[in-house]
Amino acid sequence: MKSVILIVAGLLVGYLSATMAISQRAASSVEPKAGIWHDIANDADDNIDPYLRASYASLGWLLPAQGEDQLMEANTDSDGSALDGDCRYLISGKSPRTRWWQIAIVGNEDEGADNDPRARPDAISSEAMIAEADGQYRLNISRTAVPGNWISPGNREDFRLVMTLRREDPAMTGDAEPPTVARLACD
């Protein structure tokens, strides 16, 4: 009986230490971009950190093809405050020179997400985004619907933003200017 307890304890400690190493090492391999946005992946580099690969695999995601997609993440608004589901935000910026792009709200292990396909949208892509005449866009984040471009954090208390840029043409290289995330008000 003691050996079974020791084996189970060893497996549990091994699993927890591997999970912690992957998450901490993957987080430390993220490179800051301008302001609040950080690269999650993906440069056209053959030496992608194995911890980043393991972090993606633990979420059930595949890394994008090298050099094709770039993923950026923001955990705070432009003033440095954590993103809060009870607050309203305005994301604004210039449309990136990419074939396709998307901004999505992501929670911790999708906690608080609406699983009903008819539920409030938690992502918007360039195909659905209504842009201004000068190429600028404005995207509202709030629990309640607002006119124009809008996505909702659902029931999530805290969340992060993930921006995906798809470049399938070598002429579309170069870094996109990340948008600003302004907190408007909190309930």
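For Glu127, indicate whether it is modelled with pLDDT of 85 or more, charged (D, E, K, R) and closer than 13 Å to Val162 by Cβ. It is false that Glu127 is modelled with pLDDT of 85 or more, charged (D, E, K, R) and closer than 13 Å to Val162 by Cβ. For the stretch 145-187, a residue qualifies if it is at pLDDT 90 or above, hydroxyl-bearing (Ser, Thr, Tyr) and open to solvent by 60 Å² or more (accessible area, probe 1.4 Å), and exactly one does: Thr180.
Each residue in the stretch 83-120 was checked for being open to solvent by 60 Å² or more (accessible area, probe 1.4 Å) and at pLDDT 95 or above, and 1 pass.
Counting the residues of the stretch 130-144 that are of a type in the set (A, V, I, L, M), at pLDDT 90 or above and open to solvent by 20 Å² or more (accessible area, probe 1.4 Å) gives 1.
The values are calculated or read from the model by the stated rules, or taken from the named source; none is laboratory data. Because the structure is predicted, anything quoted here is derived from the model rather than measured. Positions of Cβ are generated from backbone atoms using ideal geometry, with glycine treated the same way; all protein chains shown enter the neighbour counts. Just so you know, the surface numbers come from the protein's heavy atoms only, side chains and all, with ligands and any DNA or RNA stripped out. Shrake-Rupley method; radii C 1.70, N 1.55, O 1.52, S 1.80 Å.
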